[in-house]
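The values are calculated or read from the model by the stated rules, or taken from the named source; none is laboratory data. Just so you know, these numbers come straight off a predicted model, no measurement behind them. No Cβ is skipped: glycine too gets one built from the backbone with ideal geometry, and neighbour counts run over all protein chains shown. Side chains included, ligands, DNA and RNA excluded: accessible areas come from the protein's heavy atoms. Shrake-Rupley method; radii C 1.70, N 1.55, O 1.52, S 1.80 Å.
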Amino acid sequence: MHAMMDAQDNVPHVQAKFKSTNQSLAVPDHPFSIPQSLDHEELNKLVNEIAGSDDKKELEFVINGELLRTSVGQHLKDRLISNETIVEIECIEKNAPPIPLDVMEHNDWVSCVSCHQKYILSGSYDNKVYMWSEGEQVAIMEGHSKPITDAKWVNDSIFVTSSQDQGIFVWKWSEHDQSASLVYCCKGHAQSVEQLAVSPSKSKFCSVSWDKLLKIWDCSVGDSVSDDVDPEISIKRRRTAGGCENKPATKVGSSEYMKTIMNMLLIVY
């Protein structure tokens with residue numbers, strides 16, 4: 001520690017006080033004069049030496065609620081924090097990287113994931129929606145003609161999907177048959193539907209599109225397939241024949257603005 005300090009005697013210093021909630025990292029409760037040029041790795045080495053632990057720890061450092069990613073001096077300068085005061089630096093032990101339990105392979109980019117109980121929905125750029133359970137593929141839903149953009153569970157048996165084909169599909173999942181039926185297709189957007197969100201009441205959902213429109217849809221579904229969709233019609237034909245009975249409420253604005261409004265609306269609905 002002293003070698004590190006002595007080597008940088010000619011550079012500006014700052015008074016720093018280290019703190020940690022980790023009981024195994026005992027850092028003294030008094031300020032240290034440290035070189036402002038210390039970066040993350042040098043600070044990590046210094047704190048381990050101060051703590052005197054035989055078990056060297058990989059640490060992250062937080063100053064005023066922000067992770068340190070530059071030198072201490074640069075961090076203070078960028079955030080207009082005075083180097084004349086005692087700077088409090090929180091030491092947090094790094095978490096080990098997560099270890100994947102399983103890998104669910106797709107044929108193209110995965111654009112969205114939605115989980116509910118033991119099932120996982122994933123949408124892909126191959127225009128398909130996949131259902132997974134315990135790492136195994138249990139069903140594939142086809143019907144969209146362009147890449148999937150979002151998928152959301154509504155409840156135990158209903159989920160909705162959106163696509164660059166401008167359509168939104170409402171599906172009914174049968175756990176007994178391990179299959180999904182297309183209930184109806186919601187139309188109204190003139191460009192790719194970018195995102196979906198389901199209301200807390202589970203009775204409505206919002207969609208936002210690159211056409212700068214936000215639409216609120218009723219997603220109530222009975223015990224059987226809607227009269228709007230003939231069960232004998234193929235998936236491809238359902239895309240053009242199906243439709244929602246209710247007309248959606250529509251808001252207008254930019255895409256980023258509509259995402260914000262969508263989140264606000266879901267609190268109300």
- Would you check which residues across segment 157-199 are in a loop (DSSP other than H, G, I, E, B), charged (D, E, K, R) and open to solvent by 40 Å² or more (accessible area, probe 1.4 Å) and list them? 175, 177, 187
- Query: What is the one condition in (1) without any contact (Cβ under 8 Å) to a residue 24 or more places away in the chain; (2) outside any loop (DSSP other than H, G, I, E, B); (3) open to solvent by less than 70 Å² (accessible area, probe 1.4 Å) that residue 77 does not satisfy?
  - Reply: (3)
- Message: Looking at segment 55-69 only, could you name the residues that are under 22 Å from residue 82 (Cα atoms) and assigned to a loop (DSSP other than H, G, I, E, B)?
- Response: 64, 65, 68, 69
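A quick yes/no check of all residues on (1) surrounded by fewer than 15 Cβ atoms within 10 Å (Cβ to Cβ); (2) among the polar types (S, T, N, Q); (3) assigned to a loop (DSSP other than H, G, I, E, B):
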residue: 112; (1), (2), (3): no, no, no
residue: 120; (1), (2), (3): no, no, no
residue: 123; (1), (2), (3): no, no, no
residue: 131; (1), (2), (3): no, no, no
residue: 137; (1), (2), (3): yes, yes, no
residue: 145; (1), (2), (3): yes, yes, yes
residue: 152; (1), (2), (3): no, no, no
residue: 155; (1), (2), (3): yes, yes, yes
- Taking the stated definitions as given, is residue 99 part of a loop (DSSP other than H, G, I, E, B) and among the hydrophobic types (A, V, I, L, M, F, W, C)? yes
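Do we have residue 107 as open to solvent by 60 Å² or more (accessible area, probe 1.4 Å), modelled with pLDDT of 85 or more, at negative phi and of a type in the set (S, T, N, Q) here?
Details: open to solvent by 60 Å² or more (accessible area, probe 1.4 Å): yes; modelled with pLDDT of 85 or more: yes; at negative phi: yes; of a type in the set (S, T, N, Q): yes.
In short, yes.
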- Query: Of everything in segment 1-54 that's at pLDDT below 80 and assigned to a helix (DSSP H, G or I), which residue is most open to solvent (accessible area, probe 1.4 Å)?
  - Reply: 2
